[in-house]
Amino acid sequence: MRDTIDSDTRLALDLALTIRHDGHGGVADDLSDLAGLTAWVGEHAEALPDAPDLVLDESALAAVRDLRAAVRALFARAVRPGAPSPADAARLLPVPEALDRLNTAAARTPTVPVLRWTDDAEPAAHRRPAAPATDLTAVLAHAAIAFLSGADRRRLRACHAPRCVRYFLKEHPRQEWCKPSCGNRARVARHHERHKQGQST
């Protein structure tokens, strides 16, 4: 079981998880307005370079929401042959459109490769913006690309507990739900279904 995940994986997952169960049988959108985006960026300031300099306006909100739709469509592809999150299973973007949207967003901030090689470690490459201008959508797109092209993608699952619409990373072989409360709800629902079927026979 892993205790931590890298910042790209966390950003990509957290972006997708801005669509969530609202606690009343419906779906909530944490990015429904500019205040929601501003709050979300504030909560993720440590993972977002130059967070105080980001321009958060209606245009940025629309771009992030468009990117999120692409990320969720690609998450749905990544969990195949399993079913996608029920939150948007009926209205997912086609994969080619999702890929184009993701790659276009990533290109909003060109990056260059940088090599780091300290005395006590193997050489490691990473990418950094070629210019100081920071674009939130590009940062999130880069994180999503890193996650979707990395090893953690194989652990991605959609939670199918009643009323849950989350994606999660499977931490151990028997894990079926994103959190214990979802497992409890799923077991209760199965019990009720068996009990109901027993009464109807």
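The values are calculated or read from the model by the stated rules, or taken from the named source; none is laboratory data. Everything numeric here is computed off the predicted structure, so don't read it as measured data. Cβ: placed from backbone, ideal geometry, glycine included. Neighbour counts: every protein chain shown. Note: areas computed on protein heavy atoms with side chains; ligands, DNA, RNA excluded. Shrake-Rupley method; radii C 1.70, N 1.55, O 1.52, S 1.80 Å.
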Inset, instruction - Any chance you could count how many residues in the range 45-79 are within 19 Å of LEU102 (Cα to Cα), of a type outside the set (A, V, I, L, M) and free of Cβ contacts under 8 Å to residues at least 24 places away in the same chain? - result: 2
Inset, instruction - Tell me, please, whether a residue that is of a type outside the set (Gly, Ala, Ser), at pLDDT 95 or above, open to solvent by less than 50 Å² (accessible area, probe 1.4 Å) and out of contact with any His (no Cβ under 8 Å at 6 or more places or on another chain) can be found in the range 51-65. - result: yes
Legend entry - Spans of helices (runs of 4 or more DSSP H) in the range 4-95 with at least 2 residues out of contact with any Ser or Thr (no Cβ under 7 Å at 6 or more places or on another chain) and more than 27 Å from ARG128 (Cβ to Cβ): 34-43, 58-78
Legend entry - Any hit, the range 70-87, residues being within 23 Å of ASP33 (Cβ to Cβ), open to solvent by 40 Å² or more (accessible area, probe 1.4 Å), basic (Lys, Arg) and touching a helix residue (DSSP H, G or I) at 6+ places or on another chain (Cβ under 9 Å): no
Legend entry - Any pair with Cβ under 6 angstrom, 6 or more apart, that starts in the range 94-122 at a residue that is farther than 17 Å from ALA146 by Cβ and ends at one that is at pLDDT 95 or above and open to solvent by 70 Å² or more (accessible area, probe 1.4 Å): VAL95/ARG77
Inset, instruction - Kindly indicate whether ALA98 is open to solvent by less than 60 Å² (accessible area, probe 1.4 Å) and part of a helix (DSSP H, G or I). - result: yes
Inset, instruction - Could you check, for the range 109-122, whether at least one of its residues is part of a strand (DSSP E or B), open to solvent by less than 80 Å² (accessible area, probe 1.4 Å) and in contact with a helix residue (DSSP H, G or I) (Cβ under 8 Å, 6 or more places away or on another chain)? - result: yes
Inset, instruction - Would you please name the residue that is nearest to ALA143 (Cα to Cα), looking only at residues in the range 18-42 that are touching a residue at least 60 places away in the same chain (Cβ under 8 Å) and touching a strand residue (DSSP E or B) at 6+ places or on another chain (Cβ under 7 Å)? - result: ILE19
